[in-house]
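The values are calculated or read from the model by the stated rules, or taken from the named source; none is laboratory data. Just so you know, these numbers come straight off a predicted model, no measurement behind them. As a convention, Cβ positions derive from the backbone with ideal geometry for all residues, glycine included, and neighbour counts pool all protein chains shown. The area values use the complete protein model at the heavy-atom level, side chains included, leaving out ligands, DNA and RNA. Shrake-Rupley method; radii C 1.70, N 1.55, O 1.52, S 1.80 Å.
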Amino acid sequence: MSGEMNDITEAPLLVAARGGRPSRTPVWFMRQAGRSLPEYRKLREGTAMLDACMDPEMVCEITLQPVRRHDVDGAILFSDIVVPLKAAGIDLDIVPGTGPVVAKPIATESDVLAIAELHEEQVRPVVDAIGLLNAELGDVPLIGFAGAPFTLASYLVEGGPSKHHERTKALMHGNPDLWHALLDRLAGITAEFLRVQVRAGVKAVQLFDSWAGALSERDYREFVLPHSTRVLQSIEGVPRIHFGVGTSELLPAMREAGADVVGVDWRTPLDVAVKRLQQAAPELPLPVVQGNLDPALLFAGLPALEREIERIKREGQAAAGHIFNLGHGVLPDTDPDVITRAVEMVHRTT
Ligand code: 1CP
């Protein structure tokens, strides 16, 4: 994190994102900030989640904590996918132990028409946090992020976390015009939130479509892909990572959205994922992938963990570039020391 400042574009994470093979396999972990760390829990005591996300010094410190501890190759901005929605005026909160809860779930045309655009000054604290972070991070790239339109829509339509996304799917199929109007507005907010972060100096962005795996490929293509494509195509100048969970069937469609890197959960081996991505678009260069350690493996003991890491690195050779990561976020009970050991193993093993 400190020491001599090199050309950041040569950082292993950014080389791999461009389809290169850097000197060491870059690794970072989704949800590495603000989950398993005792220093995070201590700092957050007495501060609500969304207030923490709007406090530049706190965002900076929480983002740096896992970088100091684990020697990861990327820092993920401490924020949440609902931050731009709240900033744009939607009444919601993050309830501890539950997640985002929306005061008045979206159901009608007037609800959709009431969703306003996002303006940079509404997320000024995020811009300020990125400035502070770039002064501290040296040659570790800062990754910005946003929620993809479908995953955001699920929270807004269901009113909170949902297992089956039934209201969301009912709106999608029952009133496709209203659905597309909703996703169009959310795509506008997401794209602007990502562009604000890029202008402020993040070195890569990740679009989280965490719940896309709830959809069939047909529905994904018709109701989601055009909107995620619009978001990704509006971002210039930094690598774009596109991530979802349970997306084995959706990988080729997700690649069409145009990101530089496709996230792969733990269900699909990376070499199989590469084959699927490539067969679907043989005219494109070999894909770059991110993933795909099962977060539960961090509980399985170091020998089992090392075997998995070696396998994933071997299978990752099939891609043009491989950014090592989990297949989804760090689980809250994960032992932080095991995360540190996992990073060492990724860097050490061949
Ligand atoms: O290290 C990091 O990545 C920290 C920053 C971060 C990120 C990238 C947070 C902090 N949230 C997110 C993204 C996010 N938020 C996603 C996409 C990634 C994923 O799939 O894990 C999603 C789906 C959310 C929504 C959300 N926010 C949930 C999940 C609820 C559900 O549907 O099951 C929860 C619990 C939150 C709150 C939240 N976000 C972040 C933190 C540290 C917390 C907990 C805050 C608290 O309770 O005090």
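Could you list all residues from the range 30-40 that are of a type in the set (A, V, I, L, M, F, W, C) and near the ligand (Cβ under 9 Å from one of its atoms)? Listed by number, the residues that qualify are 30, 33. The set of residues from the range 112-153 being crowded, with 16+ Cβ neighbours inside 10 Å and without any contact (Cβ under 8 Å) to a residue 60 or more places away in the chain comprises 122, 153. If you take the residues of the range 298-350 that are over 24 Å from residue 41 (Cβ atoms) and of a type in the set (Ser, Thr, Tyr), which of them is modelled with the lowest pLDDT? Ranking the candidates gives 350 first. With respect to being open to solvent by less than 10 Å² (accessible area, probe 1.4 Å), within 13 Å of the ligand (Cβ to nearest atom), in a helix (DSSP H, G or I) and out of contact with any Leu (no Cβ under 8 Å at 6 or more places or on another chain), residue 16 falls outside the description.
Among the residues of the range 151-167, the one identified as away from the ligand (no atom under 12 Å from the Cβ), under 20 Å from residue 187 (Cα atoms) and not hydrophobic (A, V, I, L, M, F, W, C) is 167. Listed conditions (1) touching a Phe, Trp or Tyr at 6+ places or on another chain (Cβ under 6 Å); (2) open to solvent by less than 10 Å² (accessible area, probe 1.4 Å); (3) in contact (Cβ under 8 Å) with a residue 60 or more places away in the chain are all met by residue 77, apart from (1).
Quick check on residue 94: is it crowded, with 16+ Cβ neighbours inside 10 Å, over 30 Å from residue 338 (Cα atoms) and touching a residue at least 40 places away in the same chain (Cβ under 8 Å)? Criteria not met by residue 94. For the range 32-48, the set of residues classified as among the small types (Gly, Ala, Ser), touching a residue at least 40 places away in the same chain (Cβ under 8 Å) and open to solvent by 40 Å² or more (accessible area, probe 1.4 Å) consists of 48 only. The one condition from (1) closer than 14 Å to residue 153 by Cα; (2) open to solvent by less than 70 Å² (accessible area, probe 1.4 Å); (3) not polar (S, T, N, Q) that residue 104 does not meet is (2).
Taking first residues from the range 229-255 that are in contact (Cβ under 8 Å) with a residue 60 or more places away in the chain and more than 22 Å from residue 327 (Cα to Cα) and partners that are open to solvent by less than 10 Å² (accessible area, probe 1.4 Å) and hydroxyl-bearing (Ser, Thr, Tyr), the Cβ contacts under 7 Å between residues at least 6 apart in sequence or on separate chains come to 231/190. Inclusion of residue 263 among residues that are open to solvent by less than 40 Å² (accessible area, probe 1.4 Å) and under 15 Å from the mean Cα position of the chain (by Cα) is warranted. Inspect all residues belonging to the range 220-231 and state whether any of them is among the hydrophobic types (A, V, I, L, M, F, W, C) and within 15 Å of the chain's Cα centre (by Cα). Yes, the range 220-231 has at least one match.
Rundown of residues vs (1) in contact with a Leu (Cβ under 7 Å, 6 or more places away or on another chain); (2) under 20 Å from residue 136 (Cα atoms); (3) more than 10 Å from the ligand (Cβ to nearest atom), yes/no style:
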site	(1), (2), (3)
22	no, no, yes
42	no, no, yes
48	no, no, no
56	yes, yes, yes
86	yes, no, yes
109	yes, no, yes
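Looking only at residues in the range 338-350 that are open to solvent by 40 Å² or more (accessible area, probe 1.4 Å) and over 23 Å from the mean Cα position of the chain (by Cα), the one that is nearest to residue 36 (Cα to Cα) is 348. Checked against the criterion of being within 16 Å of the ligand (Cβ to nearest atom), touching a Phe, Trp or Tyr at 6+ places or on another chain (Cβ under 6 Å) and not aromatic (Phe, Trp, Tyr), the candidates 207, 215, 250 yield just one match: 250. When residue 208 is evaluated against the numbered criteria (1) among the aromatic types (Phe, Trp, Tyr); (2) within 16 Å of residue 30 (Cα to Cα); (3) open to solvent by less than 20 Å² (accessible area, probe 1.4 Å), which criterion, by number, is the only one it fails? Tallying (1) among the aromatic types (Phe, Trp, Tyr); (2) within 16 Å of residue 30 (Cα to Cα); (3) open to solvent by less than 20 Å² (accessible area, probe 1.4 Å), residue 208 fails exactly one: (3). Within the range 266-295, the set of residues being of a type in the set (A, V, I, L, M, F, W, C) and open to solvent by less than 40 Å² (accessible area, probe 1.4 Å) comprises 270, 273, 274, 277, 281, 288, 289, 293.
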